[in-house]
Amino acid sequence: MKTIIEPFRIKSVEPIYFTSKEERKIILEKAFYNPFRIHANDVLIDLLTDSGTSAMSSHQWAGIMQGDESYAGSSSFFRFEEAVKKITGMPLVIPTHQGRAAEKIIFSILGGKGKYFCSNTLFDTTRANIEFSGAEGIDLICKEGRQAGVPAPFKGNIDVAALIKVIKEKGAKNIPMVIITVTNNSGGGQPVSMQNIKAVRKVCTENKIPLFIDACRFAENAYFIKLREKGYAHTPVPEIVNELFSYADGCTMSAKKDAFANIGGFLAMRDLDLATQCRNLLIMTEGFTTYGGLAGRDLEAIAIGLYEVMDEHYLQYRIRSIEYLTNKAIAAGVPVIQPAGGHAVYIDAKAFLPHIPVDQYPGQALVCALYEQGGIRSVEIGSLMFGKYDARKKLIPAAMELVRLAIPRRVYTQSHIDYVAEVMIEVFNKRNELKGLTILEEAPTLRHFTAKLQPISMKGKTIKNFRKKSGLNTLK
Ligand SMILES: *Cc1c(COP(=O)(O)O)cnc(C)c1O
């Protein structure tokens, strides 16, 4: 059979709320051209993130009812702990309320001024937590990973030669950890090969640097290894996953990704001293060591989801559905990262909107256009998210200007995705009319979440006139 079907049937549905294009224009203005500020009921297809947006299975919902809410020693914790141990092979398991809570704990302990954390690409919260500790994050993505339009099987790999060079320059003792993000979320959801992980392990061992995995999408990465790496075509995914984690000293995980949970995360590791320090911090900021900021029912849902995500019928459907949308984009000439990643389609906004300079945030302009045209919510992964300022307040742009259409797990059907493709292509055909944006207000860290923007043509006085015209003059 040629058609790969959704490997589930639907037991419960949620309505989608429809809006008109005229309504969405006003909504966008009210939200200061930042879709993070839009009410979710004003979104038709929400591709903002695949994080915490999965549809849970009937087994997970049954698990929710069985959650043991005991403060200490909950039986749900032990089921959760067993699942994490089995999958990662790591003996010390610490629950947290999400991935960034795990990051906050580990980098508070290992970070600090004068320290460097090397990675293929640090995710935004990972980098923010590293920098907040006073340390620096260094991204060492391989050459293929920097060429958006050129397909390669493992574009998430670390450049091992560059890693060795940085270790020499900075000194191994100043590098508390190397972090491999699987799949590489900020670099297109591209996978890392087992061979690359092994090579990094070797470098880490030689330099006595711990290797951690940012494991948010471990199952998607493992399935890519099965599909693309020599010698794994007949290896069951759980075995690939075990091998992947066997090279690491620890991991951080957001259970909101490859565990189909709506909330949750964990830290797992092999070193007892480090785990003890983490647990001491955990008790102060998250909760007791057997719940870590989660309810017993969440631990139960995560434990079940961690096994479900390794089902190969699911993974085949998952990877194929991202490829389906990517291929529609490619066929229409829309510039996207190739090949398709594991959880999202990434549009190359610099190539999509060459007339908008990077300091006018072409990615964000495209995000707004997709919303206005079809009510699709996406996210910019470019200079709004990662841009910095130099001493003269001039923008230091990000390496790439991307727009991510993240596909929630088990949520949307093929016709939803066909609609998304239509909207994307419609915007592409009108791309010359799109305008850049300027920032009105921003936070010192992770500014993309809350920033307020306005179209470049409405700078200064004209914005007031615009507001009057659209009846929005009460806006702050
Ligand atoms: C989502 C994510 C995180 C952070 O996890 P949260 O649960 O959102 O705090 C860290 N790293 C990667 C690669 C992610 O995708």
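The values are calculated or read from the model by the stated rules, or taken from the named source; none is laboratory data. Computed from a predicted model, the values in this text were never measured in an experiment. Note that we place each Cβ from the backbone using ideal geometry, even for glycine, and neighbour counts take in every protein chain shown. These accessible areas exclude ligands, DNA and RNA; they are computed on the full protein's heavy atoms, side chains included. Shrake-Rupley method; radii C 1.70, N 1.55, O 1.52, S 1.80 Å.
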Residue count for segment 272-310, restricted to those that are among the acidic types (D, E) and open to solvent by 70 Å² or more (accessible area, probe 1.4 Å): 1
Residues (without any contact (Cβ under 8 Å) to a residue 60 or more places away in the chain and β-branched (V, I, T)) located in segment 116-163: I130, I138, I141, I158, V160
Flag if V192 is under 19 Å from the mean Cα position of the chain (by Cα), under 14 Å from N157 (Cα atoms) and either in a loop (DSSP other than H, G, I, E, B) or away from the ligand (no atom under 12 Å from the Cβ) (or both): yes
Breaking point among (1) open to solvent by 10 Å² or more (accessible area, probe 1.4 Å); (2) assigned to a helix (DSSP H, G or I), for T438: (2)
In segment 241-262, the residues that are part of a loop (DSSP other than H, G, I, E, B), within 11 Å of the ligand (Cβ to nearest atom) and touching a strand residue (DSSP E or B) at 6+ places or on another chain (Cβ under 6 Å): A255
Enumeration of residues in segment 148-183 that are over 14 Å from C118 (Cβ atoms) and within 16 Å of the ligand (Cβ to nearest atom): K155, G156, V182, T183
Count - residues of segment 415-435 that are in contact (Cβ under 8 Å) with a residue 60 or more places away in the chain and surrounded by 14 or more Cβ atoms within 10 Å (Cβ to Cβ): 12
Unmet criterion (only one of (1) closer than 18 Å to F107 by Cα; (2) away from the ligand (no atom under 16 Å from the Cβ)) for F288: (1)
Matching option when the condition is in contact with a Gly (Cβ under 9 Å, 6 or more places away or on another chain), assigned to a helix (DSSP H, G or I) and either in the same structural domain as F123 (by TED's automatic domain parsing) or crowded, with 24+ Cβ neighbours inside 10 Å (or both), among A365, A369, A351, A340: A365
Of all residues in segment 35-94 being open to solvent by less than 30 Å² (accessible area, probe 1.4 Å), within 16 Å of the ligand (Cβ to nearest atom) and part of a helix (DSSP H, G or I), the one that is farthest from Y17 (Cα to Cα): T88
Residue list for segment 204-228, restricted to those being open to solvent by 10 Å² or more (accessible area, probe 1.4 Å) and in a helix (DSSP H, G or I): T205, E206, N207, Y223, K226, L227, R228
Where a residue in segment 1-25 is more than 25 Å from A369 (Cβ to Cβ) and its partner, wherever it lies, is open to solvent by 100 Å² or more (accessible area, probe 1.4 Å), with Cβ under 6 Å and at least six apart: P7/H313
Within segment 195-228, considering residues that are in contact (Cβ under 8 Å) with a residue 40 or more places away in the chain and of a type in the set (D, E), the one farthest from the ligand (Cβ to nearest atom): E220
Conditions (1) over 27 Å from R297 (Cα atoms); (2) over 26 Å from the mean Cα position of the chain (by Cα): number failed by S76: (1)
Test: residue in segment 124-141 that is open to solvent by 10 Å² or more (accessible area, probe 1.4 Å), acidic (D, E), away from the ligand (no atom under 16 Å from the Cβ) and over 22 Å from the mean Cα position of the chain (by Cα): no
Residue match in segment 290-300 (condition: out of contact with any Asp or Glu (no Cβ under 9 Å at 6 or more places or on another chain) and modelled with pLDDT of 95 or more): yes
Members of segment 95-115 that are touching a residue at least 24 places away in the same chain (Cβ under 8 Å), in a loop (DSSP other than H, G, I, E, B) and more than 15 Å from the ligand (Cβ to nearest atom): G111, G114, K115
G387 small (G, A, S) and without any contact (Cβ under 8 Å) to a residue 40 or more places away in the chain: yes
